[in-house]
Structures are given as structure tokens and as C-alpha cells.
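Visitor: Just dropping this structure here.
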Amino acid sequence: MEETEEIREIRNLKREVAKLRLEGNLRKSLSNQLTIQKKIADDAKAEAEVKSKEVEAISNKLAKYLSPQIHEQIFSGKQDAEVRSNRKKLTVFFSDIVGFTDISDELESEEMTNLLNFYLNEMSQIALKFGGTIDKYIGDALMIFFGDPESEGPEKDARKCLEMASEMQHLMEELKGHWGKNYSLKDDLQIRIGINTGFCTVGNFGSLERVDYTAIGSTVNLASRLEGLANPGTILISEDTHSLVKSLFTFKKPVEVEVKGFLRKIKCFEIKEINKSRDDIVQMNGRGFDIKINTKLIDQKAIEDLNAKLDEIKKSF
């Protein structure tokens with residue numbers, strides 16, 4: 001029996017319908033798969049953002065415990081947290097507060113904490129400004145070095161260290177009167193500073209579980225000894241440091257001193273007249289005000305705070 005034209009058309013239509021139904025099912029299945037894949041991608045992106053924020057939070061916390069240079073080296077992958085060290089020529093700085101033990105006996109623990117935090121914050125800001133690597137705080141003492149992890153050469157490293165030390169002593173001069181007014185101290189704080197240049201072993205020291213990034217050696221020991229021998233409010237440097245910066249600073253007549261741990265006498269130099277007023281001090285006074293600004297130390301935030309305070313005073317009239 002021959003197939004009629006009508007039957008053939010019906011069969012063709014059924015095939016087309018089946019084909020369309022199959023294509024529809026494939027499109028639906030593909031759409032579902034794309035939706036699933038998009039959700040997986042969105043979930044992965046959200047998880048990555050959470051992990052990124054967690055890493056950023058950890059990084060910010062670690063930044064409080066590490067010198068900025070070391071923090072950058074670790075998180076950029078330039079340095080691993082493994083026990084390892086190198087020999088490098090460093091300029092090493094030590095400072096401490098004169099008579100700190102007696103001062104700590106005078107103050108309550110809260111006042112002592114506030115004073116020490118203020119002092120260390122001010123000193124640290126100057127150290128970071130000159131690019132010093134803050135090694136550690138030892139109570140009121142501060143250890144900083146120049147020459148690692150980045151160096152501009154021994155001469156420039158030494159110069160920057162002395163400029164930093166000089167600015168610290170200038171700031172202490174500027175802060176006269178601050179300590180009695182804010183912390184009830186009988187006398188203004190004074191610091192002494194010792195600086196030495198030489199080869200040190202620098203890097204990570206410790207155990208497999210915990211390491212400390214620091215510098216060790218006789219160069220470090222001598223810098224610490226010179227700090228102890230320095231007079232209040234002065235900077236005492238070694239002959240090795242002096243040879244690198246003698247054309248850039250003026251010094252008092254050298255003296256030879258006996259230093260514990262060293263067989264020979266050590267020649268050292270004291271920077272001359274570090275507490276003289278400088279051109280970067282701007283002083284204004286008039287009826288009802290007396291302002292002194294160190295243009296080299298003041299930063300943008302301090303200027304904004306000063307402007308805000310002046311605006312408040314204007315509004316009160």
C-alpha cells in the first residue's frame with residue numbers, strides 16, 4: 001500500500017517536533033549547567049574575597065610586629081621565614097631614655113604606658129621617615145639599623161642614620177615642657193644615642209618554629225656600648241662611622257674610651273651642637289597665642305588637626 005502525501009507530511013512533522021523537543025531539552029540542560037557553573041564561580045569568587053580579606057587582616061596585624069621593610073619582603077615573597085643569615089655592612093643605632101628606671105618608679109603603670117607609647121611612636125615615625133629598619137624595642141631602648149634589607153651604600157646609610165638621630169634629638173628639644181604637662185614628670189626626658197658601622201651577621205635567627213629578624217656581632221655590641229657612654233642629649237659615634245660622614249657633620253674633639261668587651265681603647269666622636277635652633281622652626285606669637293612649628297617634623301595630618309582646631313576657635317567668636 002503506497003504511502004500518501006498526507007502521511008509523509010505527518011511523519012516529517014513528527015520528526016521536526018521530536019527534533020525541536022530534543023533541541024529544547026538540550027538548551028534547557030545547557031542553561032541549567034550554565035546556572036550551576038555560574039553559581040560555582042560566584043561561590044568561588046566570594047570565598048576568594050573572604051580569604052583575601054583574611055590574608056589582608058593578618059598582614060595588617062603582622063605589620064604592627066614587623067619593620068615595614070621586613071613586612072614587605074615577606075609578603076612580596078622576597079624573603080622566607082627560615083633560619084638564615086648573611087654578612088652585611090650596617091650602621092647600627094641604639095638609644096635609651098636617661099634615668100628611665102627612676103622615672104618608671106615615679107609614675108603609675110597607666111601613665112608609664114602612655115608615656116612610653118607616645119615616645120616610641122614619635123621615635124619610630126622619624127626612623128621610618130629616614131628608612132631605618134626598626135629591629136626591636138627593649139623597654140625604653142630602641143635598636144635600628146641601616147643597610148638591610150635595602151642599602152644605598154655604606155656612606156649614605158651612615159648619613160641617613162645620623163640625620164635620623166639628629167632629628168630625634170631635635171624633637172626631644174622641641175618636646176621640652178611636654179613631659180611635665182602631660183605626664184607629671186619633674187624633669188624633661190632626655191635620650192642618649194650610640195652609633196657604629198661595620199660588618200654584622202643579619203637575618204633570621206631562632207628555631208624552626210619561631211624566628212627573629214635581627215643583626216648580631218661586635219658591631220652591634222659596640223653601638224650599644226657607645227649609647228651607654230653617651231652623655232644625656234648627645235649622639236656618640238664610632239671612628240668607623242665618623243670616617244663615612246666626617247665631611248657632612250661637625251664633631252667635638254675625639255676621645256678614646258675603654259669599652260667593656262673590647263681589648264683596645266675605642267676612639268669615638270660626639271656630634272657638635274645638635275640642639276641649636278634651625279631654619280625649619282617657625283615660631284609665631286601674639287595676644288593669646290604662642291605657636292612653634294617644626295616644618296621638618298610636622299605631617300599632613302597634624303596640619304589638618306591644627307586647621308580643624310583653628311576653625312573651632314573661629315566659630316566660638
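The values are calculated or read from the model by the stated rules, or taken from the named source; none is laboratory data. Everything quoted here is computed from the prediction, not taken from an experiment. Neighbour counts are summed over all protein chains in view; Cβ atoms, including those assigned to glycine, are modelled from backbone coordinates with ideal geometry.
Visitor: Within the stretch 182-196, does at least one residue satisfy the condition of being in the same structural domain as Arg264 (by TED's automatic domain parsing), closer than 19 Å to Val98 by Cβ and assigned to a helix (DSSP H, G or I)?
Guide: For the stretch 182-196, residues in the same structural domain as Arg264 (by TED's automatic domain parsing), closer than 19 Å to Val98 by Cβ and assigned to a helix (DSSP H, G or I): present.
Visitor: Could we say that Asp96 is touching an Asp or Glu at 6+ places or on another chain (Cβ under 8 Å), surrounded by 13 or more Cβ atoms within 10 Å (Cβ to Cβ) and under 20 Å from Ser218 (Cα atoms) here?
Guide: yes
Visitor: Another question about this same structure. Any idea how many residues of the stretch 208-217 are exposed (fewer than 14 other Cβ atoms within 10 Å of the Cβ) and either in contact with a strand residue (DSSP E or B) (Cβ under 6 Å, 6 or more places away or on another chain) or assigned to a helix (DSSP H, G or I) (or both)?
Guide: 2
Visitor: Answer yes or no as to whether Ala127 is of a type in the set (Gly, Ala, Ser), within 18 Å of Ile235 (Cβ to Cβ) and free of Cβ contacts under 8 Å to residues at least 60 places away in the same chain.
Guide: Yes.
Visitor: Is it true that Gly203 is at pLDDT below 95, within 23 Å of the chain's Cα centre (by Cα) and either aromatic (Phe, Trp, Tyr) or assigned to a strand (DSSP E or B) (or both)?
Guide: So Gly203 passes the test.
Visitor: Could you list, in sequence order, all residues of the stretch 125-153 that are small (Gly, Ala, Ser) and farther than 22 Å from Phe205 by Cβ?
Guide: Gly131, Gly153
Visitor: Please state which one of Ala63, Ala48 is surrounded by 10 or more Cβ atoms within 10 Å (Cβ to Cβ), modelled with pLDDT under 75, closer than 30 Å to Asp148 by Cα and not basic (Lys, Arg).
Guide: That would be Ala63, the only listed residue that is surrounded by 10 or more Cβ atoms within 10 Å (Cβ to Cβ), modelled with pLDDT under 75, closer than 30 Å to Asp148 by Cα and not basic (Lys, Arg).
Visitor: Within the stretch 246-261, does at least one residue satisfy the condition of being part of a helix (DSSP H, G or I) and within 27 Å of Arg87 (Cβ to Cβ)?
Guide: Taking every residue of the stretch 246-261 in turn, none turns out to be part of a helix (DSSP H, G or I) and within 27 Å of Arg87 (Cβ to Cβ).
Visitor: Right, something else. For the structure I just gave you, tell me whether Glu150 is under 21 Å from Ile266 (Cα atoms), surrounded by fewer than 20 Cβ atoms within 10 Å (Cβ to Cβ) and of a type in the set (Asp, Glu).
Guide: For Glu150, the condition - under 21 Å from Ile266 (Cα atoms), surrounded by fewer than 20 Cβ atoms within 10 Å (Cβ to Cβ) and of a type in the set (Asp, Glu) - is not met.
Visitor: With without any contact (Cβ under 8 Å) to a residue 24 or more places away in the chain, surrounded by 13 or more Cβ atoms within 10 Å (Cβ to Cβ), in the same structural domain as Lys88 (by TED's automatic domain parsing) and under 21 Å from the mean Cα position of the chain (by Cα) as the only criterion, which of Lys160, Lys156 stands out?
Guide: After applying the criteria, what remains is Lys156.
Visitor: Right, next: Out of Ile216, Ile235, I need the residue that is aliphatic (A, V, I, L, M) and touching a residue at least 40 places away in the same chain (Cβ under 8 Å). Which one?
Guide: Residue meeting the stated conditions: Ile235.
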